[in-house]
């Protein structure tokens, strides 16, 4: 009786354990499915959500926004600031040219002209293409003098393609700078910076119209480099250009034909120079471009605005470099400096007390050994400015200050 009852109770245990195992297994499977869906669902949402958000809201994902921020660097911002003020300048001058016959006497030349219509003189046109930068919103443009030299016609094209007739307001051949005026409303302008505060190695942005209208586009071209050097003296590169460009800015930003007169801009978008010349081979840039410091441009602008021209500075004396041979011949103990040769009567130098035979050793506190070095230091000075010369006279050191005057009219 007892054994039979126990066996009856225990025979249901396998079913109980089987049921519990089945329930447990089901719970494990359900939990696994829910976990799988939750993890893979979130991954899908994460991978799709930026694009989904961009598509639904029109906003860029955070990563794209960060890229956009890095693309809008200082050069982009500086270009946007200065480029609207850059223009293309096309000028033309006409000159009377004397016909040169390769043979014959004057009689035969007269005969050729009379019977065959071969003239002794004819008109020749000289076109020129360059750039410029608008410095005042009423249409004043700064450019190179050689771009508009003796021009009979000047055409100025803005970056939006609008064309205006330009006229020369004033020019300074010595500085290779000219001021051109266009009329027709208010124009975008560039900010003029400070070329006395340049650092070798800082960004330099050249903006202009290389090759003029050959690109069939009025948008200015931008090239980027650094300030390679300052205070460079460069001889003009053209066949008929005998100018010496003094105290120039050197840059490796590509400056090509047609860039002349356009602005050299710093990373703040301010004009620091006027692009002028390049060292070239076959018409292309070799990475050595030169620009006129903008502070010299300010001097020219001030002179033209006040006097309608750039007055010529005058001190009234001549010098020669002291060489070892000259020092020995003249019995000079000073082996380096500038020997004063001649003083003009009643000139600023004469009034200041400078005398022939003085040996100049420094200009405005800077040692000089050649006339070229001295000229560079005086080149950008204004009329009325005081120039201090340190010199040796009779073995004694002296200091004399000369006040620059306007050169008198010799006619």
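Here are some notes:
- Single residue of segment 97-142 satisfying the filter (loosely packed, with under 13 Cβ neighbours inside 10 Å and at pLDDT 75 or above) that is nearest to the chain's Cα centre (by Cα): 137
- Some residue of segment 227-249 being modelled with pLDDT of 85 or more, more than 21 Å from residue 377 (Cα to Cα) and assigned to a strand (DSSP E or B): no
- Filtered residues of segment 202-219 (kept if part of a loop (DSSP other than H, G, I, E, B) and at pLDDT 95 or above): 202
- For residue 85: the one exception among (1) modelled with pLDDT under 95; (2) surrounded by 11 or more Cβ atoms within 10 Å (Cβ to Cβ); (3) touching a strand residue (DSSP E or B) at 6+ places or on another chain (Cβ under 7 Å); (4) closer than 30 Å to residue 164 by Cα: (1)
- Number of residues in segment 142-165 that are closer than 18 Å to residue 298 by Cβ and in contact with a helix residue (DSSP H, G or I) (Cβ under 9 Å, 6 or more places away or on another chain) equals 1.
- Residue check, residue 354 surrounded by 15 or more Cβ atoms within 10 Å (Cβ to Cβ), more than 36 Å from the chain's Cα centre (by Cα), in contact (Cβ under 8 Å) with a residue 40 or more places away in the chain and within 20 Å of residue 405 (Cα to Cα): yes
- Residues satisfying the stated conditions in segment 345-381, i.e. closer than 18 Å to residue 324 by Cα and assigned to a loop (DSSP other than H, G, I, E, B): 357, 358, 368, 369, 370
- Residue match in segment 323-330 (condition: within 28 Å of residue 251 (Cβ to Cβ) and part of a helix (DSSP H, G or I)): no
- Residue under evaluation residue 151, criteria (1) outside any loop (DSSP other than H, G, I, E, B); (2) in contact (Cβ under 8 Å) with a residue 24 or more places away in the chain; (3) not assigned by TED's automatic domain parsing to the domain that holds residue 301, criterion not met: (1)
- The conditions of being crowded, with 16+ Cβ neighbours inside 10 Å and within 31 Å of the chain's Cα centre (by Cα) are not met by residue 319.
- Selection over segment 123-143 of residues that are on the phi < 0 side of the Ramachandran plot and in contact (Cβ under 8 Å) with a residue 40 or more places away in the chain gives a count of 14.
- Residue in segment 154-170 that is surrounded by the fewest Cβ atoms within 10 Å (Cβ to Cβ), counting only those that are outside any loop (DSSP other than H, G, I, E, B) and without any contact (Cβ under 8 Å) to a residue 40 or more places away in the chain: 165
The values are calculated or read from the model by the stated rules, or taken from the named source; none is laboratory data. Since this is a predicted model, take the numbers as computed values, not measurements. All Cβ positions, even for glycine, are placed from backbone atoms using ideal geometry, and neighbour counts span all protein chains on display.
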